[in-house]
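The values are calculated or read from the model by the stated rules, or taken from the named source; none is laboratory data. It should be emphasised that the depicted structure is a prediction, and the values quoted were computed from it without experimental measurement. Cβ sites come from the backbone with ideal geometry, for glycine too, and all protein chains shown count toward neighbours. SASA here: full protein model, heavy atoms, side chains in, ligands and nucleic acids out. Shrake-Rupley method; radii C 1.70, N 1.55, O 1.52, S 1.80 Å.
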Amino acid sequence: MNILVCVKRVPAPGAKINVTEDGLSVDSAHLGFTTSPHEECALEEAVQISERDGGEVTVLTLGPVEAEEQLRYGASVGAHHIILVPTDGSAWDPQRTAAALTTAIEQAEQANGQPFDLILFGNESADSGGFQVGVRVALKLGRPSVNAIKGIDPGDGSVIARREIDGGFEVYEVPTPAVLGIKEGINLPRYPTMKGRLASKKATLETAEIAAEPGGQALIRLHRPPEQASTTEILGTDETAAVRIVDILEEIGVLA
Amino acid sequence: MSLLVVLEHDRGKWVEANDEALTAARKLASDMGVELHAALVGVGARDLVSQAATGGAAVVHLCEHEVLTDYGPDAVGETVAQLVASINPSAITAVGTSRGNEVLAQLAARADLPFVANCMTVAPSDGPWSMTRVQWGGSLLEDATLDAPTKVLSFGHHSVVAEVADAPGAGEVREFAPALDPAMAATIVRDRDVQTAGVTLSTAPVVISGGRGVGSAEGFDQLEELAELLGGRVGCSRAVTNLGWRNHTDQVGQTGTRIAPEIYIATGISGAIQHWVGAMASKRILAINTDAEANMVTKADYAVIADLHKVVPAITAEIRRRQG
Ligand SMILES: Cc1cc2nc3c(=O)[nH]c(=O)nc-3n(C[C@H](O)[C@H](O)[C@H](O)COP(=O)(O)OP(=O)(O)OC[C@H]3O[C@@H](n4cnc5c(N)ncnc54)[C@H](O)[C@@H]3O)c2cc1C
């Protein structure tokens, strides 16, 4: 089974997210970058399937040239091929992103002479959270898609996909080639080994320059939600604070 | 002219998110000065017409087809796309649950329209609309514009407080039979695997979480013991999930579970913004941390600046002492 995983490079903020002066992006001056968590799990799932059942894993990202870092990371944890669709670094809207990704996927499939059996997306990107790029790509390619997947069991000509619902799972049997939106928790992503890191330096980066028209959604300004004003009551600096804590638990009625 | 709200159901069972959807849609329809229509799709939908009317729908489009035996993103998405092509509403909305966002994404892709997910407020106008939407799971907000002949947008789940309609809508039922390719049955739910959960993380009255500061998987035993005494559930941070100490089902935060307990006890957790957005709906927060400057501490209602390995067993002992 050959699997394509589409990932997004996002900043990794800590206690606060700061916005640049023009309001158009997260101020990442002092931040590291990472792969959006759902996609990190999608990649791990693809690598596990390829290790078990054979086939190759390709990681593709649309983003600034610096996103090569996330592609190399993908190679260090087991991806066989890495493809970058470079942007100028500005945030692309979902329609534009989906159009460019579709073209890139069509080109890769043409070069391979066959479609990817599975294309995995994160259920939503960690930053802009548009909840739609995977679905748009699936429809442009004429393939079925299901989101919120937390379990994949590959079969012959189809996959069993488990979707998380309140208190359990829905089970789908999706014919391949197909597109799935993956959620964190489907697995525990591995850390790269030293050998993986070395191999990733040698992985060949393919670049696909693709132009696409902006869609109808435009970003005007990012801002932080109003903070809830809070004062913290310090109950103590050692275990004797337990008495006050249990008083509070009694007061609010959670202690019978 | 109309606003179409796409409602959800679980094999004929009304879902709570519909009350939010109708609350947001009533206001939007009134701001737009148009009639509110609702779409109900698939087996069991017929039983919910009166609830949609009670929620203010003037017209309920009942969409049935033999392929629609249960939820399926392609089949439901195509059904809504055909309904939209037939009745031509000015805008289509839903609540941004997994299904709500998925169906609107399907609709938007099929109709080649933009789709703005998880809005908090929406200002309709004759030109492009303005909205404020959620980024980073709620840690950041985005002012955006939507320029399209037909507007497609969802409201963020839990960003609207459900209210009862002042007056019910007429609830006139219009049947709509989509033309669906039987191949769409491929992505209809085949089966369900329901787990008996008891109190879940999202409904527990008390949640006691541990972060990296807990130090090991075994370190969570003391949190389990306390949670049991309080009838609560144990949660954790992503650092803990990544270390393999706890299952992801216990993770609180942007990519985990959103909780809203009476009290949240966060031990050994620094309070990164992605953790905080999952915990901020808690009624009260108690942070136990060795670092007085930790974000979790400065944002909490109560804090103890000490080693959790001493404080947590002391709480358990104090409860046992009082219970005799
Ligand atoms: C896109 C994205 C999504 C994310 N989603 C989530 C999410 O859903 N949920 C989530 O939790 N995180 C999420 N994260 C990760 C998040 O940014 C933090 O890395 C994570 O929450 C840190 O976990 P922690 O607080 O346990 O660890 P740390 O930040 O390492 O904090 C450990 C804390 O323990 C305290 N401590 C240490 N020893 C003791 C002791 N003996 N007694 C008391 N206190 C002690 C320290 O003072 C410190 O405050 C996400 C990150 C990204 C980029």
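Solvent-accessible area lost on pairing B with A (1.4 Å probe, both sides summed) amounts to about 6800 Å². Report in % the part of the accessible area of chain A that belongs to carbon and sulfur, leaving out ligands and nucleic acids; probe 1.4 Å. Heavy-atom surface of chain A belonging to carbon and sulfur, 1.4 Å probe: 50 percent.
Taking the Cα centre of the protein assembly as shown as reference, the dipole from Cβ charges on Lys and Arg (+1) and Asp and Glu (-1) amounts to some 580 debye. Peptide B:128-141 shows a mean partner chain C-beta count of 5 within 10 Å per residue C-beta. Of the GluC sites (Glu not before Pro) found in the stretch A:24-87, the ones in coil according to DSSP and having at most 16 other Cβ atoms within 10 Å of their Cβ are A:56. In this Cβ point-charge picture (+1 for Lys and Arg, -1 for Asp and Glu), the stretch A:37-194 has a dipole of about 220 debye about its Cα centre. Panel note: contact residues of the stretch A:128-143 (accessible area lowered by at least 30 Å² against the chain on its own; 1.4 Å probe) correspond to A:128, A:131, A:132, A:135, A:136, A:139. Could you tally the net charge around residue B:165, taking each other residue with its Cβ under 13 Å from the Cβ of residue B:165, Lys/Arg +1 and Asp/Glu -1? Taking every other residue near residue B:165 into account, the sum is -2.
If R0 equals 41 Å, the separation of the Cβ atoms of residue A:80 and residue B:217 corresponds to a calculated FRET efficiency of about 0.75. With 29 Å as the limit, write out which pairs from A:150/B:151; A:8/A:201; A:8/A:140; A:16/B:13; A:150/B:299 have Cα-Cα distances beyond it, or answer none. Where the Cα-Cα span goes over 29 Å, the pairs concerned are A:150/B:151; A:16/B:13; A:150/B:299. Taking all protein chains into account, the per residue accessible area for the stretch A:14-153 stands at 37 Å² (1.4 Å probe). The residues of the stretch B:270-287 occluded by other protein chains by 10 Å² or more of accessible area, set against the chain on its own, are B:272, B:273, B:274, B:276, B:280, B:284, B:286; surface from heavy atoms, 1.4 Å probe. Candidates B:214, B:189, B:231 compared by Cα position along the dipole of the stretch B:188-231: farthest toward the positive end lies B:189, with charges placed on Cβ.
If R0 is taken as 25 Å, the Cβ-Cβ distance between residue A:24 and residue A:227 corresponds to a FRET efficiency of 0.70. Under a Cβ-Cβ cut-off of 12 Å, what is the net charge of the residues other than residue B:252 that fall near it, where Lys and Arg count +1 and Asp and Glu count -1? Result for the neighbourhood of residue B:252: +3.
Around residue A:69, what is the net charge, scoring Lys/Arg as +1 and Asp/Glu as -1 over all other residues with Cβ under 13 Å from its Cβ? Net local charge, residue A:69 excluded: +3. Between rounded, prolate and oblate, where does the protein assembly as shown land on the alpha carbon gyration tensor, with a ≥ b ≥ c its root eigenvalues, rounded for a/c under 1.5, else prolate if a/b exceeds b/c? Oblate is the answer for the protein assembly as shown, as a/c is 1.5 or above yet b/c matches or exceeds a/b.
For the pair residue B:125 and residue A:31, what calculated FRET efficiency results from E = 1/(1 + (r/R0)^6), where r is the Cβ-Cβ distance and R0 = 35 Å, to the nearest 0.05? Efficiency for this residue pair is about 0.45.
Annotation: for a label point projected 7 angstrom from Cα along Cα→Cβ of residue A:250, residues of the stretch B:290-324 with backbone N closer than 18 Å are B:314-324.
Mean separation of Cα pairs under 8 Å and 6 or more residues apart, divided by the residue count, gives chain A a relative contact order of 24 percent.
The modelled label-to-label distance between residue B:181 and residue B:43, using points 7 Å beyond Cα along the C-beta direction, is 2.3 nm.
Take each residue of peptide B:118-125, count the partner chain Cβ atoms within 10 Å of its Cβ, and average: the result is 1. Once both labels are positioned 7 Å from their Cα atoms along Cα-to-Cβ, the gap between residue A:197 and residue B:310 label points is 3.7 nm.
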